[in-house]
Amino acid sequence: MGSIGPIPILPRGPLSALLAIGAVLVCPCDARSNASAHPKPHPIMIEVEGLTKLYDKFPAVSDLSFAVRPGEVMGLVGPNGAGKTTTLRCLSGIIPATHGAVRIVGEDLTTNPVAAKRQLAFFSDEPRLFDYLTVQQHLTFTARIYQVSDYQEIGRRLLEELEMADKIELLPGELSRGMKQKLAIACGLLHSPKVIFFDEPLTGLDPLGIRRMKDSILKRAREGAAIIISSHLLHLLEEVCSHVLILKNGRKVVDGTMGDILQKFSEQSGDANLEEVFFRATGEAKEGK
């Protein structure tokens, strides 16, 4: 692999700063020694079996199992405190599960974490960037971490897609909240992840940015990525998701294709959208009723 250019000396900071520029970053030297040179094709991209996360004795997530296949977009839905973010952080390897198994494109997250993490990107709701790196330098740094040799062309296309091509020399402090989110997304997509996790991805985006993000998510799904989106914007999830998983108190209460779930709840009490399904499945009181 050729040189990808100079990287400025980085300020000391928490590991969360690395995670938040787009994905779970791994050390290139670890990647060379642990990742498979020719990963085996796998029909299930995300496999979760019996996932449990305890904080002391409190179960934030309890015995959660599901699977996501190539091209599927799963909406992860639930009230505040249902365990959505905890689930995504466990699936990304940011925090360890107490019990259960997670496999990313066939790689076990516990026994082969580097190989698993190289296949995924995790986007939190709050982009944390390096204050003294420009947009271009963020991409260069991420490319070195993931050993992306052709990152310049990939990065150019991503910035054009996210309407940031004219921002490459700007620092994070010169970007709007939505632009910072887009930069984090560009960094996370630079290594072409096969599994993508979004935690409230539309935060800070204007209406046009929301439309672009929806198009970007669907584009990755058509290309074969498996995607999980956690959001309270249920009408938007209904537009982009093929599947839905609803949590309450850390437990699964609804799981299936969007069409099957909407049909099931419609048969029970007339036409139902995802918002109605959410209220009925979780027992949450709908405002004004």
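Among the residues of the stretch 103-119, the ones that are part of a loop (DSSP other than H, G, I, E, B) and free of Cβ contacts under 8 Å to residues at least 24 places away in the same chain come to 3 in all.
Scanning the stretch 173-229 for residues that are acidic (D, E) and either exposed (fewer than 15 other Cβ atoms within 10 Å of the Cβ) or in contact with a helix residue (DSSP H, G or I) (Cβ under 7 Å, 6 or more places away or on another chain) (or both) gives E174, D199, D206, D215, E223.
Every residue, every condition in (1) hydrophobic (A, V, I, L, M, F, W, C); (2) on the phi < 0 side of the Ramachandran plot; (3) over 17 Å from the mean Cα position of the chain (by Cα); (4) part of a loop (DSSP other than H, G, I, E, B), yes or no:
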site: A101; (1), (2), (3), (4): yes, yes, yes, no
site: A121; (1), (2), (3), (4): yes, yes, no, no
site: P127; (1), (2), (3), (4): no, yes, no, yes
site: H138; (1), (2), (3), (4): no, yes, yes, no
site: T142; (1), (2), (3), (4): no, yes, no, no
site: Q152; (1), (2), (3), (4): no, yes, yes, no
site: L159; (1), (2), (3), (4): yes, yes, yes, no
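Has the stretch 225-246 got at least one residue that is among the small types (G, A, S), at pLDDT 90 or above and over 19 Å from the mean Cα position of the chain (by Cα)? Within the stretch 225-246 (the criterion being among the small types (G, A, S), at pLDDT 90 or above and over 19 Å from the mean Cα position of the chain (by Cα)), the answer is no, since none of the residues qualifies. No other residue among L51, L64 is modelled with pLDDT of 90 or more, within 18 Å of T86 (Cβ to Cβ), touching a Cys at 6+ places or on another chain (Cβ under 7 Å) and aliphatic (A, V, I, L, M) apart from L51. For S149, the conditions (1) small (G, A, S); (2) under 30 Å from T86 (Cβ atoms); (3) out of contact with any strand residue (DSSP E or B) (no Cβ under 8 Å at 6 or more places or on another chain); (4) at pLDDT below 90 are fulfilled apart from (2).
Condition check ((1) touching a residue at least 24 places away in the same chain (Cβ under 8 Å); (2) in a helix (DSSP H, G or I)) across all residues:
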{"site": "P193", "(1), (2)": "yes, no"}
{"site": "R211", "(1), (2)": "no, yes"}
{"site": "K214", "(1), (2)": "yes, yes"}
{"site": "L237", "(1), (2)": "yes, yes"}
{"site": "Q268", "(1), (2)": "no, yes"}
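Take the residues in the stretch 120-132 that are touching a strand residue (DSSP E or B) at 6+ places or on another chain (Cβ under 9 Å) and crowded, with 22+ Cβ neighbours inside 10 Å, then tell me which one is farthest from L202 (Cα to Cα). Once the filter is applied, the top-ranked residue is L120. When each of V135, V73 is tested for being over 21 Å from S231 (Cα atoms) and surrounded by 20 or more Cβ atoms within 10 Å (Cβ to Cβ), the lone residue that passes is V135. Taking residues in the stretch 66-84 that are closer than 21 Å to G50 by Cβ and free of Cβ contacts under 8 Å to residues at least 24 places away in the same chain, and partners anywhere that are surrounded by fewer than 17 Cβ atoms within 10 Å (Cβ to Cβ) and aliphatic (A, V, I, L, M), the pairs with Cβ atoms closer than 6 Å and at least 6 places apart or on different chains are A67/I44. Taken over the stretch 254-277, the criterion of being surrounded by fewer than 17 Cβ atoms within 10 Å (Cβ to Cβ) and either at positive phi or of a type outside the set (D, E, K, R) (or both) is satisfied by G256, T257, G259, Q263, S266, Q268, S269, G270, N273.
Among all residues of the stretch 24-47, there is at least one that is assigned to a strand (DSSP E or B), at pLDDT 95 or above and closer than 14 Å to I228 by Cα.
The values are calculated or read from the model by the stated rules, or taken from the named source; none is laboratory data. The shown structure was predicted, so the numbers you read here are calculated from the model rather than taken from an experiment. Every residue, glycine as well, gets a Cβ built from its backbone with ideal geometry; the counts of neighbours run over all protein chains shown.
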